[in-house]
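Notes follow the structure.
The values are calculated or read from the model by the stated rules, or taken from the named source; none is laboratory data. Predicted, not measured: the structure shown is a model, and the values here were computed from it. Cβ coordinates were reconstructed from backbone atoms using ideal geometry, including for glycine residues, and neighbour counts include every protein chain displayed.
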Amino acid sequence: MYDITVIGAGITGTFIARELSRYQLSVLLIDKENDIANGTTKANSAIVHAGYDAAEGTLKAKLNVRGNELYEEVCKELHVPFKRIGSLVTAFNKQEMETVQELFERGIKNGVPQMEILDKESVLKLENNLSEEVVGALYAKTAGIVGPWELAIALAENALENGVELLLNSPVKDIDKITDGYSITAGDRKIESKIIINCAGLHSDDINNMVNSASFEILPNRGEYNLFDKSVGNIVNTVVFRCPSEAGKGVVIMPTVHGNLLIGPTSEHVDSKTSFDTTLEGLTSINEHTQHTLKQISFQNVITSFTGLRAKIRTQDFIIEESKESLGFFNVAGIDSPGLTAAPAIAEYVIELVKRRIENIEIKQDFNPYRRPNIHFMELSDVEKAKLIEKDPRFGRIICRCEHITEGEIVDVIKRKAGARTLDGVKRRARPGSGRCQGGFCAPRVMEIIARELEIDITEVMKDSLDSYILTGKTKQYQQNK
Amino acid sequence: MLYYDIVVIGGGPAGLAAAIEARKNGIEKILVIERDRELGGILQQCIHNGFGLHIFKEELTGPEYAEKFIEELITMGIEYKLDTMALEVTKDRMITAMNSTDGMLYIQAKAVIIAMGCRERTRGAIRIPGTRPAGVLTAGTAQRFVNIEGYMIGKRIVILGSGDIGLIMARRLTLEGANVLAVAELMPYSGGLTRNIVQCLEDFNIPLYLSHTVVNIEGHDRVEAVTIAQVDERFKPIKGTEKKFECDTLLLSVGLIPENELSKSAGIELHNVTGGPIVNEFMETSVEGVFACGNVVHVHDLVDWVTEESKRAGSSAAKYIKGQIESNCKTIRLKGRNGVRYVVPHQIRLDSTTQTVELMMRVDNIYKDIKLVVKSNGEVIKEVKRNHVTPGEMETIKIDLSKLTLGYSDEIYVEVAKEEA
């Protein structure tokens, strides 16, 4: 029997699992998908918010500000890209300037440091590609950008290094209460655990309802994004918001940690938790919005579009609590924005709740907070590059032409704990296929490397999920030649 | 630091022809840098025939065509490095490259010939809505899987785009037992060669839907269905014209883009229509001593024209090294207008050694019974009759430079004009 089972390996679940790995506990992290971070964590705005959005006194406000503070250290320990580039909430008329003022005041109440209200001139000085129509903005210097799935993958890897076990492709089908805990049916496995932490994101209501009465409902909300080529990555320097309206924080224009430009999201209630499709209307509306905010932008530079589903709930604030009906069953639900920012603080908060349930948890003396950094060959100096190739010739072979990713880097991300097993898994960790050609040239080579390293047939290499096969078999000609 | 007279970046048909021609013109120290595991470039995956009709007067497959050049290169003893990536080219013709055996390579060249070819436009670039399952891939990637790796990529297939690779793959996949359900083309005409429409679609009864595009992709793990719809004259899908195909694969053949990241690193000026370097009749770019040829300059339909163009780049680089290219000549700009999208070369230097120049161009629509007219200063320099021109097929016109020196204009236009009855 495990002490604790964390259901859901998104940003919240991996932060909690890693936090739990500091203690002498047996911890299992399970997910229904074929990789870490394959739900909402892989498709969101990647923003670490300053904390002026949520109303004073809410969990969202508290955990946002605390989470923001914690980002620097954890990203340093795990070697995950994080840049504190600041954010602007831009106003385009007098009324919006009033909103900016309100946000500023709310930020002060929430304890957000380093904010100021900028006039038109100062905004344009900071962001000279913004439309001249801008009249002012709220500038929050503590806002930042991060690689969300890279962070979740790094957290999972570090948690595994510290003794957490991982079980992928194991959708939870049923949970039964047993004498001193729970029996979980996950995939074809039966797992017993004293404590369950439900971080199932979009499906957290389904998981809750397996044990408890339906106290909340997840309302999936679709957000569509356009990702642009690096050639326009520097069109903005900060995270540029429009003034929030009832529909949410609106479409955001921001650079990514890798130097691309990301524009989105739309906000649309959808009925299905699997509505991961982009729509013509959505992608068009992003473009229209952008035209009003920026002086100019060429949509020729879009390299891909994607959809993420936010796990919203009616009551709006995060639900982070032990179920009143089931001792040892903790819900961490309704984690929509600023969930990514709050995640490290959510983990802290959850640990405190767990400590009330299991007394005298002992700290693990040999907990190692550090993760071996990913190798980014192109960021090395020429001398270091030459040395590395001499040591391991696989670093001399470029597989991804657009992003200049070497075979050595790809092998490294496959061989790590919680390592890549699929084409998209490699892409999320080492970035081959993230460039202009979107894997057109490198996909066959990456698949060959995955097959070789995992000792599987190339036809068994999936794009992402367990059934996302890429090849359907050998050609007639190949069979004849054999 | 390594020193070469000429470094050719790219060992596809363009790079091979340029290197061979430079050697024939007396240049000894030549290096070809190729990022793939073999020479020949994309030709190696083009196992269909139809290559070499103009140059060799015979029908060859892609690998056969490539092999002729590879053999000649090897016989001549021209050096080449495989599995080697050029990372940067400077204005001073310093090249940084890398591979597994040499590590980091720093090469100083007297002249550089860039011949990196092109890449395919992707789903993201044309923003097709829908889910993002496995089974959406570009025609060229599919071609590599099928012809080089020996694996099939699907069973029921819809193709968007009627560019040549898409058409060729429609036939190839049908021969491999797949069911190609439809080819949809956004434009009211095909972007491919007429012979490919006939031999790859019509002969196999594969329907071609002109003025259609993909409006939705369905499927979570793997493509399950693709919906196409007719578009209006502004390319907007028309409601009510949707056709849904149950299928497992969507192939994209939606255009090729010259691959000029290295050219940008060298500060080479690019042309806004072709996406490739602006070149003069020597195939020299805006950076002195850096020449360009093949699909990196503009996308060709026939490899034979790539070879011709690349030979010119190779011999010009040789001339340059020998100091035989005159400097400070008067430069004339060439432009397409009224139906002609672009003209390569983009500039002609009135060098006393050049007598004729071949102009290559593409039109912007299908035209029947027209003339292609070359004009300078309002005066017609040359005109050629054409019964039928289409954007999918490159047009060439040879002009006599001696006629130019007479005029005072520094611009030449090529345009489509109606053939008078």
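For every residue, the table says whether it meets (1) outside the structural domain of B:Glu284 (by TED's automatic domain parsing); (2) over 21 Å from B:Met283 (Cβ atoms); (3) not basic (Lys, Arg).
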site: B:Glu64; (1), (2), (3): no, yes, yes
site: B:Ile78; (1), (2), (3): no, no, yes
site: B:Met85; (1), (2), (3): no, yes, yes
site: B:Lys91; (1), (2), (3): no, no, no
site: B:Ala111; (1), (2), (3): no, no, yes
site: B:Ala115; (1), (2), (3): no, no, yes
(request) Considering only the range B:61-118, give the strands (runs of 3 or more DSSP E) lying wholly within it that have at least 2 residues that are small (Gly, Ala, Ser) and away from chain A (no Cβ under 14 Å). (result) B:103-114
(request) Could you check B:Thr138 against (1) crowded, with 24+ Cβ neighbours inside 10 Å; (2) facing chain A (nearest Cβ under 7 Å); (3) at positive phi and say which number it fails? (result) (3)
(message) Can you go through A:Leu124, A:Leu168 and tell me which one is touching a Leu at 6+ places or on another chain (Cβ under 7 Å) and surrounded by fewer than 21 Cβ atoms within 10 Å (Cβ to Cβ)?
(response) A:Leu124
(request) Looking only at the range A:62-72, decide whether some residue is under 21 Å from A:Phe15 (Cα atoms), among the polar types (S, T, N, Q) and in a helix (DSSP H, G or I). (result) yes
(request) Might you check whether a residue that is farther than 25 Å from A:Thr459 by Cβ, surrounded by fewer than 15 Cβ atoms within 10 Å (Cβ to Cβ) and within 13 Å of chain B (Cβ to nearest Cβ) occurs anywhere in the range A:389-404? (result) yes
(request) Please find, among A:Gly419, A:Gly433, the residue that is modelled with pLDDT of 95 or more, more than 9 Å from every other protein chain (Cβ to nearest Cβ) and either over 24 Å from the mean Cα position of the chain (by Cα) or not in a helix (DSSP H, G or I) (or both). (result) A:Gly419
(message) Can you find a residue that is basic (Lys, Arg) and crowded, with 21+ Cβ neighbours inside 10 Å anywhere in the range A:187-195?
(response) no
(request) Output the residues belonging to the range A:440-473 that are surrounded by fewer than 19 Cβ atoms within 10 Å (Cβ to Cβ) and among the basic types (Lys, Arg). (result) A:Arg452
(request) Take A:Glu150 and decide whether it is closer than 30 Å to A:Lys76 by Cβ and under 18 Å from the mean Cα position of the chain (by Cα). (result) yes
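Residue by residue, here is whether (1) assigned by TED's automatic domain parsing to the domain that holds B:Val158; (2) of a type in the set (Asp, Glu); (3) more than 24 Å from B:Lys239 (Cβ to Cβ); (4) more than 23 Å from the chain's Cα centre (by Cα) holds:
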| residue | (1), (2), (3), (4) |
| --- | --- |
| B:Asn179 | yes, no, yes, yes |
| B:Arg195 | yes, no, yes, no |
| B:Glu202 | yes, yes, yes, yes |
| B:Val215 | yes, no, no, yes |
| B:His220 | yes, no, yes, yes |
(request) Please give the number of the condition B:Asn260 fails out of (1) polar (S, T, N, Q); (2) in contact with a strand residue (DSSP E or B) (Cβ under 7 Å, 6 or more places away or on another chain); (3) surrounded by fewer than 17 Cβ atoms within 10 Å (Cβ to Cβ). (result) (3)
(request) Go through the range A:292-386 and tell me which strands (runs of 3 or more DSSP E), entirely inside it, have 2 or more residues that are under 26 Å from the mean Cα position of the chain (by Cα) and farther than 21 Å from A:Ala43 by Cα. (result) A:319-322, A:329-333
(message) Please pick out the residue among B:Val183, B:Val231 that is more than 19 Å from B:Gly140 (Cβ to Cβ) and modelled with pLDDT of 95 or more.
(response) B:Val231
(request) Would you kindly identify the strands (runs of 3 or more DSSP E) lying entirely within the range B:145-233 that contain at least 2 residues that are within 14 Å of another protein chain (Cβ to nearest Cβ) and of a type outside the set (A, V, I, L, M, F, W, C)? (result) B:212-218
(request) Out of B:Ile278, B:Ile321, report the one residue that is in the same structural domain as B:Lys91 (by TED's automatic domain parsing), under 20 Å from the mean Cα position of the chain (by Cα) and modelled with pLDDT of 95 or more. (result) B:Ile278
(request) Name every residue in the range A:436-472 that is aromatic (Phe, Trp, Tyr) and modelled with pLDDT of 95 or more, in order of residue number. (result) A:Tyr469
(request) Could you tell me whether A:Asn226 is out of contact with any Asp or Glu (no Cβ under 9 Å at 6 or more places or on another chain), free of Cβ contacts under 8 Å to residues at least 12 places away in the same chain and not assigned by TED's automatic domain parsing to the domain that holds A:Ala343? (result) no
(request) Go through B:Leu270, B:Leu252 for me and flag whichever is within 14 Å of chain A (Cβ to nearest Cβ), surrounded by fewer than 24 Cβ atoms within 10 Å (Cβ to Cβ) and modelled with pLDDT of 95 or more. (result) B:Leu270
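Each row is one residue, and each column tells you yes or no for (1) within 14 Å of chain B (Cβ to nearest Cβ); (2) outside any strand (DSSP E or B).
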position	(1), (2)
A:Val236	no, yes
A:Phe241	no, no
A:Gly250	no, yes
A:Ile253	no, no
A:His258	no, yes
A:Leu262	yes, no
A:Thr266	yes, yes
A:Asp271	no, yes
A:Thr274	yes, yes
(request) Please enumerate the residues belonging to the range B:194-212 that are out of contact with any helix residue (DSSP H, G or I) (no Cβ under 8 Å at 6 or more places or on another chain), of a type in the set (S, T, N, Q) and either surrounded by fewer than 18 Cβ atoms within 10 Å (Cβ to Cβ) or touching a residue at least 60 places away in the same chain (Cβ under 8 Å) (or both). (result) B:Thr194, B:Asn205
(request) Show the residue pairs that are 6+ apart or on different chains and have beta-carbon atoms under 6 Å apart, the first residue being within the range A:317-334 and more than 18 Å from A:Glu217 (Cβ to Cβ), the second being at pLDDT below 95. (result) A:Gly328/A:Arg357
(request) Considering only the range A:305-321, state which residues are among the hydroxyl-bearing types (Ser, Thr, Tyr) and crowded, with 19+ Cβ neighbours inside 10 Å. (result) A:Ser305, A:Thr307
(message) Quick test for you: out of A:Asp464, A:Asp382, pick the one residue that is of a type in the set (D, E, K, R) and in contact (Cβ under 8 Å) with a residue 40 or more places away in the chain.
(response) A:Asp464
(message) Considering only the range A:114-130, I want to know if a residue exists there that is over 27 Å from A:Gly233 (Cβ atoms) and either touching a helix residue (DSSP H, G or I) at 6+ places or on another chain (Cβ under 7 Å) or among the small types (Gly, Ala, Ser) (or both).
(response) yes
(request) Please name all residue pairs, on different chains or six or more residues apart, with Cβ atoms under 7 Å, provided the first residue is in the range B:145-171 and is over 19 Å from A:Leu471 (Cβ atoms) and the second residue is aromatic (Phe, Trp, Tyr) and in a helix (DSSP H, G or I). (result) B:Arg171/B:Phe204
(message) Test of understanding: among A:Arg18, A:Arg66, which residue is within 23 Å of the chain's Cα centre (by Cα) and surrounded by fewer than 24 Cβ atoms within 10 Å (Cβ to Cβ)?
(response) A:Arg66
